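Asks: Let me begin by handing over the structure; questions about it come next.
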Amino acid sequence: MNAKSDVDSNATLNAFREVVRSRRSVRRFTDEPVPEHVLDDCLELAMLAPNSSNLQPWEFFVVRTPDLKTRLADACLGQNAAKTAPLLIVVVARTDTWREHSRMALEQWPEEKLPGIVEKYYSRIAPIHYNQGPFGLLGAAKKAAGLFVGLSRPVPRGPYSKSEMKVWATKSTALAAENLMLALRAHGYDSCPMEGFDECRVRRLLKLPRKGLVTMVLAAGKRSDKGVYNRQYRFERDTLIHYL
Ligand SMILES: Cc1cc2nc3c(=O)[nH]c(=O)nc-3n(C[C@H](O)[C@H](O)[C@H](O)COP(=O)(O)O)c2cc1C
């Protein structure tokens, strides 16, 4: 590594550390709006989150209109973060877009030549791997096959049911939510992730598709003076980090 890139990587690390360390869950925001170009960039960065099979099972609903925002804040149980934020973003996981997205992955492959293995994955493997079949019967059959074959060699252990599909979609979507929050911080804005909401009401308000899971509602804006309620703390590393 030459001296120049050494300096660059330190600067990058310090900037990254500053972004991660200064992100807090902010419960009170000022009235200052999040500019369009900031929002746009943050959403772009959110979409760069790693995700399962690059099937991008997420959707983002940006709520800025005052009336809808007020009603959404109400559905977020009237939390201060939701009530005071100039912007609410509903981050939704979809368990049902994998088929369409498999097709899009084939169509939008970024290289000139589509590798055979990629073609096979999206056209033949994904339709079996993610499909649980009517009443989840295909999932149950896959689970039985997995249990049997798994006796002699490693096999994927799911997703084998509709509820496992929810976990599948939520994992990737939560990573996108984190990217979004860190991007807001890097732009000098703040956020609060919320799972304290009435999902039925949020779903109805936004006319979400039946298979959309509201993973988080993100409040976003500039932190106000008393926006952070307490000092940040985490448990002892020894209880949570295990070196094997
Ligand atoms: C999935 C999830 C759900 C959360 N839901 C809420 C919420 O409904 N209301 C709230 O005020 N904070 C909520 N938080 C924020 C946490 O309370 C916060 O991240 C935690 O206390 C650590 O504080 P910090 O984010 O400032 O480090 C949520 C965070 C996550 C990741």
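The values are calculated or read from the model by the stated rules, or taken from the named source; none is laboratory data. What you see is a predicted model, and the numbers here were worked out from it, not measured in a lab. Here Cβ is always computed from backbone atoms with ideal geometry, including for glycine, and neighbour counts include all displayed protein chains. Just the protein is used for accessible areas: all its heavy atoms, side chains included, with ligands, DNA and RNA removed. Shrake-Rupley method; radii C 1.70, N 1.55, O 1.52, S 1.80 Å.
Asks: Within segment 85-103, is there a residue that is basic (K, R), more than 24 Å from G212 (Cα to Cα), more than 17 Å from the chain's Cα centre (by Cα) and not assigned by TED's automatic domain parsing to the domain that holds E195?
Replies: Within segment 85-103 (the criterion being basic (K, R), more than 24 Å from G212 (Cα to Cα), more than 17 Å from the chain's Cα centre (by Cα) and not assigned by TED's automatic domain parsing to the domain that holds E195), the answer is no, since none of the residues qualifies.
Asks: Next up: Failed condition for V92, given (1) more than 16 Å from the ligand (Cβ to nearest atom); (2) open to solvent by less than 50 Å² (accessible area, probe 1.4 Å); (3) not in a helix (DSSP H, G or I), with all others met?
Replies: Failing condition for V92: (1).
Asks: Quick one: is V149 aliphatic (A, V, I, L, M) and either surrounded by 12 or more Cβ atoms within 10 Å (Cβ to Cβ) or within 14 Å of the ligand (Cβ to nearest atom) (or both)?
Replies: Spelling it out, it is not the case that V149 is aliphatic (A, V, I, L, M) and either surrounded by 12 or more Cβ atoms within 10 Å (Cβ to Cβ) or within 14 Å of the ligand (Cβ to nearest atom) (or both).
Asks: Being assigned to a strand (DSSP E or B) and within 10 Å of the ligand (Cβ to nearest atom) is the filter here; which residues of segment 219-231 pass it?
Replies: A219
Asks: Taking the condition more than 19 Å from A49 (Cβ to Cβ), not assigned by TED's automatic domain parsing to the domain that holds L88 and not basic (K, R), does L240 pass?
Replies: yes
Asks: Of everything in segment 189-214, what is in contact (Cβ under 8 Å) with a residue 40 or more places away in the chain and more than 13 Å from the ligand (Cβ to nearest atom)? Give them in sequence order.
Replies: Those that are in contact (Cβ under 8 Å) with a residue 40 or more places away in the chain and more than 13 Å from the ligand (Cβ to nearest atom): Y189, R201, L205, L206, L208, P209, K211, G212.
Asks: Given the condition open to solvent by less than 20 Å² (accessible area, probe 1.4 Å) and away from the ligand (no atom under 16 Å from the Cβ), answer yes or no: does some residue in segment 172-188 qualify?
Replies: No, segment 172-188 contains no residue that is open to solvent by less than 20 Å² (accessible area, probe 1.4 Å) and away from the ligand (no atom under 16 Å from the Cβ).
Asks: Still on this structure: Restricting attention to segment 128-146, which residues are part of a helix (DSSP H, G or I) and surrounded by 13 or more Cβ atoms within 10 Å (Cβ to Cβ)?
Replies: Answer for segment 128-146, where residues must be part of a helix (DSSP H, G or I) and surrounded by 13 or more Cβ atoms within 10 Å (Cβ to Cβ): H129, G136, L138, G139, A140, A141, K142, K143, G146.
Asks: Need pairs with beta-carbon distance below 9 Å; first residue farther than 29 Å from A85 by Cα and within segment 224-243, second assigned to a loop (DSSP other than H, G, I, E, B) and of a type in the set (D, E, K, R); sequence gap 6+ or separate chains.
Replies: Final answer for the pair search is L240/R234.
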